[in-house]
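Please treat every number below as a calculation from the coordinates, not as lab data. All values reported here derive from a predicted model rather than from experimental measurement. All Cβ positions, even for glycine, are placed from backbone atoms using ideal geometry, and neighbour counts span all protein chains on display.
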């Protein structure tokens, strides 16, 4: 069957149009569905972007989990389809020492290296998220004695410590309040599960979402180790219209400030 | 009577028991087959992985692990050398849905009213190309996030959610919009397996001497273009688009179609 030049051009244009339309709808959907940042991954998960690229969505980690902590995102969960996650308020990560969910991963989207120290699996190095406390809802900050999260923490007195403070409101009582240590917390969520308030006042969120970064221009004073970071700091030069003149001229210039 | 459906019964039992084994792996910890069709563990240590998913990952820029590559190799070797495109009709759960649509279409004579299909079967290679293009640009396995196949098999093992929607949509689409719409025109996984299936060992072979040209086989075939030789030539169905579903063998009353193991020497002499 021979096709004329007209037909060929028409056909090519149609294909290109179809490709563009399909590509647009498809990529828009995938982009949207993978944009959700509020999702807690199993221990050892790669950074979210790499994780989404590497996870083959087989659910072997979900099957390996002895506590049924992990779930696979279903259509309607509003999470990247088929990827594993957990909801600590329902079932937290119980931090098994042998971490069965990680070595079984066929694609290394859950990477053993990220939960090992000195080549041995070590769940305490996991980083699933970071626990935060809402001090306005946590009853320990009201003066009621509660250390549910502290005693539930698998890294007791390391990830969560109790601190004593004076209760200025009554003048003669104490606050015994929980404090989370971000460098130790693994984000397992046992504290969130244990929290006795109606809606958990201590809760786990993805670390990237809730941590800031001071940058290398600021260092802690009298701390030799921290001072080394200064080497990474690079000069930042901002050029604006004002930078054309020396600073003193710019300051002495009354033009524009006075009404004439 | 039952001999007329022996392959169909075999296929359905295989599809359903496979899904059951996956389900049991998750629900009761059976270690015979764990995971799902994207990637699984057979007997707790043999990895099996979907080569198309792995290809998307590769294009997306993920580093492929050793386990994954072994799994891909096992599956690819099996389909290329023996099974052909058998995944589509012997494993894939969507096949049950699209076969149901097809059955109703035939019974109600839709195909007689709607003789010309409005889309080309080559569309699927287009979708396959697009999926790889998008995987590259998005850095994600693009098809795996929308695949109704994954939604359904994952759903059967780990919980369905709105995955039933995918089932209903494919059923209605195949029934009213386009004959063999999903499996024969759109699905890039089927297109992917078609590319490698030409070379497989087991093929349906036609015997033109016995054929009475009733065309029952073409009527029942989900990829009827592969049966172009019916009543013309005695050659095997070599096209990679044949899913080896064996429905043509069953409906043939003249024993003019049968599975054969390929004889590469003989083929060369014929052509």
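Report the extension gain between residue A:144 and residue A:125 in nm, rounded to one decimal, defined as 0.36 nm multiplied by the number of residues separating them, less their alpha carbon distance.
That pair, residue A:144 and residue A:125, stretches by 3.6 nm at full extension.
Which whole number gives the average, over all residues in A:105-118, of C-beta atoms from other chains lying within 10 Å of the residue C-beta?
Mean partner-chain Cβ count within 10 Å for A:105-118: 3.
Given the options A:129, A:215, A:119, which has the most mean-square fluctuation in a GNM of chain A, springs set between C-alpha atoms less than 10 angstrom apart?
Among A:129, A:215, A:119, the largest mean-square fluctuation in the Gaussian network model of chain A belongs to A:215.
When the distances between all Cα atoms of chain A are binned every 10 Å from zero, what whole-number percent does each bin get?
Over chain A, the share of Cα pairs per 10 Å bin runs 6, 20, 21, 18, 14, 11, 7, 2, 1, 0 percent.
Work out the FRET efficiency for residue A:12 and residue B:263 from their Cβ-Cβ distance, taking R0 = 30 Å, and round it to the nearest 0.05.
According to the calculation, E is roughly 0.15.
Counting partner chain Cβ atoms within 10 Å of every residue's Cβ in A:63-76, what's the average?
4
For peptide A:33-40, what's the mean number of Cβ atoms from other chains within 10 Å of each residue's Cβ?
Across the residues of A:33-40, the mean count of other-chain Cβ atoms within 10 Å is 1.
Enumerate the whole-percent occupancy of each 20 Å bin, from 0 to the last occupied one, for all C-alpha pair distances of the protein assembly as shown.
18, 41, 25, 13, 3, 0
Taking 0.36 nm per residue of sequence separation and subtracting the Cα-Cα distance, how much length would be gained by fully extending the chain between residue B:164 and residue B:77, in nm to one decimal?
Length difference between fully extended and current span is 28.1 nm.
Count the DSSP beta bridges whose two residues both fall in the protein assembly as shown, then state the antiparallel fraction as a percent rounded to the nearest 5.
Rounded to the nearest five, the antiparallel share is 95 percent.
Return a whole-number percent for the relative contact order of segment A:1-127, with Cα pairs under 8 Å and 6 or more residues apart as the contact set.
With pairs under 8 Å counted, the relative contact order is 26 percent.
Can you tell me the order of A:167-178, A:152-163 when each peptide is scored by its average per-residue count of other Cβ atoms within 10 angstrom, highest first?
A:152-163, A:167-178
Applying 1/(1 + (r/R0)^6) with R0 = 25 Å to the Cβ-Cβ distance of residue B:233 and residue B:2, what FRET efficiency is obtained, to the nearest 0.05?
Working from the Cβ atoms, E equals 0.20.
Given a cut-off of under 8 Å on Cα pairs at least six residues apart, what relative contact order in percent is computed for chain B?
22
Can you tell me the 0 to 90 degree angle between the C-alpha axis of helix B:188-197 and the longest principal axis of chain B, rounded to 10?
For B:188-197 against chain B, the angle is about 60 degrees.
Report the calculated FRET efficiency for residue A:235 and residue A:37 (r = Cβ-Cβ distance, R0 = 41 Å), to the nearest 0.05.
That gives a FRET efficiency of 0.80.
Return a whole-number percent for the relative contact order of chain A, with Cα pairs under 8 Å and 6 or more residues apart as the contact set.
It comes to 16 percent, rounded to a whole number.
Counting other C-beta atoms within 10 Å, which of A:111, B:219 has the fewest, and how do the rest follow?
Least crowded to most crowded, the residues run B:219, A:111.
For segment A:129-211, what size does the Cα cloud have along each of its three principal axes, sorted from largest down, in whole Å?
Ordered largest first, segment A:129-211 gives principal extents of 39, 25, 22 Å.
Between helix B:6-27 and chain B, what is the angle of the helix's C-alpha long axis to the longest principal axis, kept within 0 to 90° and rounded to the nearest 10?
So the inclination is approximately 10 degrees.
Treat each spin label as a single point 7 Å out from the Cα along the C-beta direction, and report the residue A:221 to residue B:253 distance in nm.
A separation of 10.0 nm, rounded to one decimal place.
Working from the alpha-carbon coordinates of segment A:169-260, get Rg over Rh, Rh being the Kirkwood radius.
1.24
Within a 10 angstrom radius of the beta carbon, how do A:110, B:33, B:43 rank from fewest other beta carbons to most?
The most exposed by this proxy come first: B:43, B:33, A:110.
Within a 10 angstrom radius of the beta carbon, how do A:191, B:183 rank from fewest other beta carbons to most?
Fewest-to-most Cβ neighbours within 10 Å comes out as B:183, A:191.
Once you have a ≥ b ≥ c as the square roots of the Cα gyration tensor eigenvalues for segment B:177-271, tell me rounded if a/c is under 1.5, and otherwise prolate or oblate according to whether a/b is larger than b/c.
Verdict is oblate for segment B:177-271.
Quick check: from the Cα gyration tensor, does segment B:2-195 come out rounded (a/c under 1.5), prolate or oblate?
Judged from the Cα gyration tensor, segment B:2-195 comes out oblate (a/c at least 1.5, b/c at or above a/b).
Mean residue ellipticity at 222 nm from the helices of chain A, using -39,500 (n - 2.57) per DSSP H segment of n ≥ 4 over the full residue count, to the nearest 500 deg cm²/dmol?
The helix-only estimate for chain A comes to -7000 deg cm²/dmol at 222 nm.
Where both partners of a DSSP beta bridge lie in segment A:118-260, what percent of those bridges are antiparallel, to the nearest 5?
90
Springs between alpha-carbon pairs under 10 angstrom, Gaussian network model over chain A: which of A:236, A:120, A:139 fluctuates most?
Maximum among the listed residues: A:236.
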